[in-house]
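Encoded as C-alpha cells, the structure appears first; notes follow it.
Taken together, the values in this text are just the output of simple stated rules run on the coordinates, not laboratory data. Only a predicted model underlies this, so the values are computations on that prediction, with no experimental measurement involved. Heads up, the Cβs are rebuilt from the backbone with ideal geometry, glycines too, and the neighbour counts pull from every protein chain shown.
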Amino acid sequence: MWESVIAVVGTLLGSVTMYVLQQRGTDRTALRRDRLAAVTALTVALADHRRAMWVREDLRLSGADAAGYEAARAESHATRSAITAPLTTLSILLPGLVRVAEDAATATYRLRGAESPQALDEAREAAIAACERLTREASKLF
C-alpha cells in the first residue's frame with residue numbers, strides 16, 4: 001500500500017515539476033520575443049526618422065520651396081513621435097540598453113539644423129553608427 005501512495009505522490013510531484021518548468025520556459029520565450037520586438041521597433045523608428053530628417057534638412061539646405069519643406073517637416077515630426085513608444089518599451093524590458101538606445105536617438109536628432117550638406121551627411125553617418133551599436137549591444141543579450 002505504501003508503495004502505491006509513494007508512486008502516486010511521486011507521479012503528482014513529477015507532473016507539477018514538469019508544468020512549472022514548461023511554464024517558465026514559455027514565459028522566457030515570450031519575454032525574449034517581446035525584447036526582440038522592442039529592439040526591432042526602435043531601430044525601425046530610428047531609421048524612419050533619420051530618413052525623414054535627412055530629407056527635411058536637405059530640402060532646407062538646398063533652398064527648396066516652402067511647401068515641400070513644410071511637408072517634410074510634418075513627416076519628421078511624425079517619425080520623431082514614433083520613436084517614443086519603442087524607446088519606452090525597450091527601457092522597461094531591457095534596462096541595460098537604455099544608454100545606448102538613448103545615444104542612438106540623440107544621434108538621429110542631431111541631423112536637425114545641420115550647417116552644410118557635408119555636416120548633414122556626417123550626422124547621418126554618426127546616427128547610422130549609433131543605431132548599429134544598439135543592434136550589436138542588443139545581440140549580446142540574446
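Quick notes on this one:
- Residue that is on the phi < 0 side of the Ramachandran plot and buried (at least 20 other Cβ atoms within 10 Å of the Cβ), where the choices are Ser91, Ser116, Ser76, Ser81: Ser76
- Residues within the stretch 44-96 that are among the aliphatic types (A, V, I, L, M) and within 18 Å of the chain's Cα centre (by Cα), tallied: 14
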